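These notes concern the structure reproduced below.
The values are calculated or read from the model by the stated rules, or taken from the named source; none is laboratory data. For clarity, every value in this text was computed on a predicted model and none was experimentally measured. Reconstructed Cβ throughout: ideal geometry from the backbone, glycine too, with neighbour counts over all protein chains shown.
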Amino acid sequence: NEYTLPKVSPYRFILNAICLQLFQGFMWLDNMGKMNLLKYSNGPYLDNMAVAFGIERKMGEPSKCKVRFKLSSVQTSNIPIPKNTRVTDGSIYFRTTKFAEIAAGKEYIDVDCECVEVGSKYNDIVAGRIKILVDSIPYIESVSNTNTTEYGADIEDDETLRERIFLASSTYSVAGPIGAYEYHTKAYSSLISDVRVTNPSPRVVDIRVVLKGGEKPDAEFCRGLKEYLSSDDRKPLTDVVEVNAPLDSNYNINLKYFINDSDKANVTNIQAAVTKAIEDFKRYQSERIGRDVNSSMLVSMIVNAGAKRVDIIEPAFISVDDAHIATLKSSNITYGGLESD
């Protein structure tokens with residue numbers, strides 16, 4: 001026979017409390033079991049899993065720039081600039097990475113500097129903002145960063161570390177598999193978000209990389225990566241490694257979208273959502289090398305943002321190979337007004 005306890009029964013309260021404890025216990029056990037699986041593991045559990053493969057989580061990288069140290073007047077002897085000399089914009093501190101000297105007869109020198117803290121939030125300080133010398137140096141009249149700060153990276157996230165662990169077994173081969181090159185490339189810097197490895201001709205290994213946020217690496221970054229990959233313990237002796245930024249595969253966006261008349265009270269919000277959807281599409285295309293330009297996805301994202309329909313002129317479908325990355329050349333977005341449902 002079935003018996004239903006009244007809602008005010010003390011036994012009902014006791015059973016509910018017991019069930020809650022049992023539920024939480026089973027959830028804890030389920031979570032602990034998942035921490036042993038690569039797909040679900042996270043945080044310190046994932047760090048411990050990585051140790052078995054000889055992998056450590058990257059602890060971030062400092063933002064970098066060049067700072068010009070300028071004399072008040074030309075001197076007849078060399079003026080030393082010690083390593084770790086600090087400069088600042090008033091809140092964020094940078095320091096020189098090596099010893100440098102302003103040679104006799106010269107007025108200035110540009111010195112490599114890095115932020116004293118790691119993280120991407122210290123990127124994008126424009127040229128000329130870092131102009132305060134913290135550690136005094138005789139005869140130095142002014143300091144100023146000559147380029148925008150860049151290459152700062154946050155602590156490696158779980159998803160990136162998980163992917164490196166997954167690729168680790170590829171490094172056991174000495175035949176130069178694609179997975180091994182992908183692993184070693186991503187191990188070079190946590191700034192790298194995507195890698196494409198191809199073999200355009202015998203012995204030649206062509207590696208294309210893109211950085212987080214869809215940024216392309218400059219020549220200096222590619223040169224450093226090539227030197228890293230060319231080590232005898234990372235590549236087969238006969239491989240010729242080439243590292244380059246992906247080439248542009250340009251596309252345009254030219255479209256008109258309409259909104260349902262029943263949504264006229266939310267037109268402003270929908271327009272903002274459509275603008276964000278287009279920016280998301282642009283970022284989506286630039287995050288991966290060789291990702292085809294899919295106009296159907298663009299239409300879907302705009303409709304999901306609240307538009308009724310989209311008349312799209314460009315882009316058409318564009319196939320992108322592994323040496324190229326889709327790059328937006330121009331954008332023309334028109335709001336066509338309200339239409340009846």
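Summary table below
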| quantity | calculated |
| --- | --- |
| Count of segment 291-321 residues which are under 22 Å from the mean Cα position of the chain (by Cα) and surrounded by fewer than 16 Cβ atoms within 10 Å (Cβ to Cβ) | 2 |
| Residue match in segment 239-256 (condition: at positive phi, free of Cβ contacts under 8 Å to residues at least 60 places away in the same chain, in contact with an Asp or Glu (Cβ under 9 Å, 6 or more places away or on another chain) and not in a helix (DSSP H, G or I)) | no |
| Complete set of residues in segment 1-49 that are loosely packed, with under 10 Cβ neighbours inside 10 Å and either hydrophobic (A, V, I, L, M, F, W, C) or within 26 Å of residue 166 (Cβ to Cβ) (or both) | 8, 39 |
| Listing of strands (runs of 3 or more DSSP E) fully contained in segment 1-106 that carry 1 or more residues being over 16 Å from residue 137 (Cα atoms) and not acidic (Asp, Glu) | 62-71, 93-96 |
| Residue 42 of a type in the set (S, T, N, Q), closer than 30 Å to residue 221 by Cβ and touching a helix residue (DSSP H, G or I) at 6+ places or on another chain (Cβ under 8 Å) | yes |
| Where a residue in segment 36-56 is not assigned by TED's automatic domain parsing to the domain that holds residue 183 and basic (Lys, Arg) and its partner, wherever it lies, is surrounded by 15 or more Cβ atoms within 10 Å (Cβ to Cβ) and not in a loop (DSSP other than H, G, I, E, B), with Cβ under 9 Å and at least six apart | 39/162 |
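Yes/no per residue for (1) of a type in the set (A, V, I, L, M, F, W, C); (2) surrounded by fewer than 18 Cβ atoms within 10 Å (Cβ to Cβ); (3) not assigned by TED's automatic domain parsing to the domain that holds residue 218:
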| site | (1), (2), (3) |
| --- | --- |
| 118 | yes, no, yes |
| 123 | no, no, yes |
| 128 | no, yes, yes |
| 135 | no, yes, yes |
| 140 | yes, no, yes |
| 155 | yes, yes, yes |
| 167 | yes, no, yes |
| 179 | no, yes, no |
| 183 | no, no, no |
